[in-house]
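Before any comments, here is the structure.
The values are calculated or read from the model by the stated rules, or taken from the named source; none is laboratory data. Remember, it's a predicted structure, so these values are computed and weren't measured experimentally. Cβ atoms come from the backbone with ideal geometry, glycine included; neighbour counts cover every protein chain shown. These accessible areas exclude ligands, DNA and RNA; they are computed on the full protein's heavy atoms, side chains included. Shrake-Rupley method; radii C 1.70, N 1.55, O 1.52, S 1.80 Å.
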Amino acid sequence: MTNIFIKSASEPEPTNWKRYFSFSTDHKVIGVQYLVTAFIFFLFGGLFAMIVRAELLTPQLDVVDRSLYNGLFTMHGTIMIFLWIFPANVGLANYLIPLMIGAKETAFPVLNAIAFWLIPVVGILLLFSFFLPSGTAQAGWWSYPPVSIQNPSGHLINGEFLWLLAVTISGISSIMGGVNLVTTIFRMRSPGMTFLRMPVYVWTTFSAQLLQLFCLPALTGAAIMLLFDLSFGTDFFSPFKQGDPVIYQHLFWFYSHPAVYVMALPAFGVFSEVIPAFARKPLFGYKTVAISSLLISVISTLVWVHHMFASATPNWMRILFMATSMLVAVPTGIKVFAWTATIWRGKLHFQTPMLFALGGVAMFLFAGISGVMLASVPFDIHVNNTYFIVGHFHYVVFNTVTMALYAGIYFWFPKITGRMYSEGWGKLHFWLTFIGANLNFFPMHPLGLQGMVRRISSYDPQYTGWNVVASLGAFLLGMSTLPFIANIVSSWLRGRKALNNPWNATGLEWTTSSPPPIENFEEIPIVTSEPYGYGESHRLAADSSSI
Ligand code: HEM
Ligand SMILES: [Cu+2]
């Protein structure tokens, strides 16, 4: 294996906390930097959601004014996607991928570090826009023209300008991160680690990052063009001149539908690692589950027009995209089936990571069913722009992906920090999150079916009941982060020392110390079998001396 590993002599020791504030090229440090930064932005995104839900507690407008309300839900959606889920997923992948494939580092450590340091820049640009005279962007996270290219304040530097700049920089960062992760998985696997021996988490990260490389340039390009329309007098998307706003919708969704899988695939990866470990059984149908990750990626590039069924889309196109959209249910269904079959007759252990994984899978099933409903053109047109949509996608982005991130953080916490978290606090966190999430997001479905449209700050009093339930659920969800933060901080500082492999899990990351040394392994492992050998006698890896 070629050794393209760079390590500067001044790199601080693995126990020194100061390295988390430095321009480190160690993938483990970068992984933690991403995770912590993303979590801080998650708190901002959550705070904005709390204000939105406080406004929606009563039918009248009473907490914020309408423009601020628009700004808050725009910032909430943007921050949650570009600054929480994306960077948290990339952070976990950064930490884990080299360990899982038996590598010392990622392929391009410096590129990796630059990609990370662009994230705080994106966050500062977005949050700074609250202080502009024009206020923040208010055109929603998808920023459709013509709304997004109006500039009522007349200032060159306005909220929408900063939003577009931030999305462009986030795109550049994600493309850099994608190049690094895809190359690492292609080029840096240890001897014996063939594609069909890679853990499913590696497969899902690979599939998700391929999507970033293939589709993200469409959004980044569209954001730059929109910036020119807004600020420099071009006319790509303006319906008032020669431009075509529907082209923007195509470019946006060509990326932003696959983006859903960039967020969800790593969650499927986490479920596939956690469930076998706590059911003490090999993952059912490993190869099919692994390869269906790639299938999901391929199909998800062919479905974007389902977001445009109501955008004067011709009928033949609607029918075509309805069919492709329903097709995604096949590879995702395979995965849900495999997790269920893995649990079947397993020796289940309900520690915190398993609770989050099982809760996440159950709620993903719900999201999948409402998703197939939405793929059907007549149904989608009926609920277009209502709270049903908001309910559906929060079951994906919160109840599935955020739950999976929590599962992953608890599962690998002992490896990352060398300490155990507190199980009692973890379980409390799970139950508050699970109950809060369902109270918060379930009512959005009946509300949408009854006709409550989204992105409104005041509503008809007939919708009050379910909105009160949703808002109380949201406040519970907000509170649920407190035991998490308390647990993570106190366990990191003072938790019980963790063994190398506290869960008796398979996987190369568990064969090295907790936390791993600077170059991950004392000796590069040689892989001799498929992953998930729970209950089987052969070993995953041998060291070179025993071959
Ligand atoms: C902390 C719990 C959360 C609560 C209480 C919450 C609540 C809400 C509410 C009330 C809206 C406004 C809906 C509308 O008026 O159309 C919204 C929109 C949105 N949320 Fe969340 N949400 C939460 C977590 C998340 C997460 C984790 C994501 C991850 C991606 C997310 C992504 C979005 C997006 C993309 C929008 C659409 C924004 C727009 O209309 O432009 N939310 N959320
Ligand atoms: Cu979609």
- Message: Go through region 191-219 and report how many residues are polar (S, T, N, Q), buried (at least 24 other Cβ atoms within 10 Å of the Cβ) and under 22 Å from I524 (Cβ atoms).
- Response: 1
- Item | Extreme residue, nearest to Y410 (Cα to Cα), among residues of region 229-272 that are part of a helix (DSSP H, G or I) and aromatic (F, W, Y) | F271
- Note on the structure: Being part of a helix (DSSP H, G or I) and closer than 25 Å to R455 by Cα narrows L181, L213, L165 down to just L165
- Note on the structure: Filtering region 273-311 for residues that are of a type in the set (S, T, N, Q) and within 30 Å of N501 (Cα to Cα) leaves a count of 3
- Message: Of the conditions (1) closer than 30 Å to V274 by Cα; (2) within 12 Å of ligand 1 (Cβ to nearest atom); (3) surrounded by fewer than 19 Cβ atoms within 10 Å (Cβ to Cβ), K427 satisfies every one except a single condition; which number is it?
- Response: (2)
- Message: For the condition surrounded by fewer than 21 Cβ atoms within 10 Å (Cβ to Cβ) and either among the basic types (K, R) or within 16 Å of ligand 1 (Cβ to nearest atom) (or both), what is the one hit in I319, I334, I389, I343?
- Response: I389
- Members of region 251-289 found to be closer than 26 Å to L213 by Cβ and among the aliphatic types (A, V, I, L, M), listed by number: L251, A259, V260, V262, M263, A264, L265, A267, V270, V289
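What do you reckon, is Q150 without any contact (Cβ under 8 Å) to a residue 12 or more places away in the chain, of a type in the set (S, T, N, Q) and touching a helix residue (DSSP H, G or I) at 6+ places or on another chain (Cβ under 9 Å)?
yes
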- Within region 443-451, can one find any residue that is of a type outside the set (F, W, Y), under 18 Å from the mean Cα position of the chain (by Cα) and crowded, with 18+ Cβ neighbours inside 10 Å? no
- Message: Please go through region 499-517 and give me each residue that is over 13 Å from G102 (Cα atoms), within 27 Å of the chain's Cα centre (by Cα) and not polar (S, T, N, Q), ordered by number.
- Response: P502, W503, A505, P515
- Determine whether region 273-289 contains at least one residue that is open to solvent by 10 Å² or more (accessible area, probe 1.4 Å), under 22 Å from the mean Cα position of the chain (by Cα), touching a residue at least 60 places away in the same chain (Cβ under 8 Å) and away from ligand 2 (no atom under 16 Å from the Cβ). yes
- Note on the structure: Counting only helices (runs of 4 or more DSSP H) wholly inside region 45-150, the ones holding at least 2 residues that are surrounded by fewer than 19 Cβ atoms within 10 Å (Cβ to Cβ) are 66-78, 109-128
- Residue check for A329: modelled with pLDDT under 95, exposed (fewer than 14 other Cβ atoms within 10 Å of the Cβ) and within 16 Å of ligand 2 (Cβ to nearest atom): no
- Task: Only residues that are in a helix (DSSP H, G or I) and open to solvent by less than 60 Å² (accessible area, probe 1.4 Å): list them for region 295-316, please.
- Result: I296, S297, I299, S300, W304, V305, H306
- Evaluate the following for F379: is it surrounded by fewer than 24 Cβ atoms within 10 Å (Cβ to Cβ), within 16 Å of ligand 2 (Cβ to nearest atom) and aromatic (F, W, Y)? yes
- Across region 360-376, what is the total count of residues that are open to solvent by 10 Å² or more (accessible area, probe 1.4 Å) and either within 12 Å of ligand 2 (Cβ to nearest atom) or touching a residue at least 24 places away in the same chain (Cβ under 8 Å) (or both)? 9
- Among the residues of region 346-359, the number that are under 21 Å from G535 (Cα atoms) and either surrounded by fewer than 17 Cβ atoms within 10 Å (Cβ to Cβ) or not hydrophobic (A, V, I, L, M, F, W, C) (or both) is 7
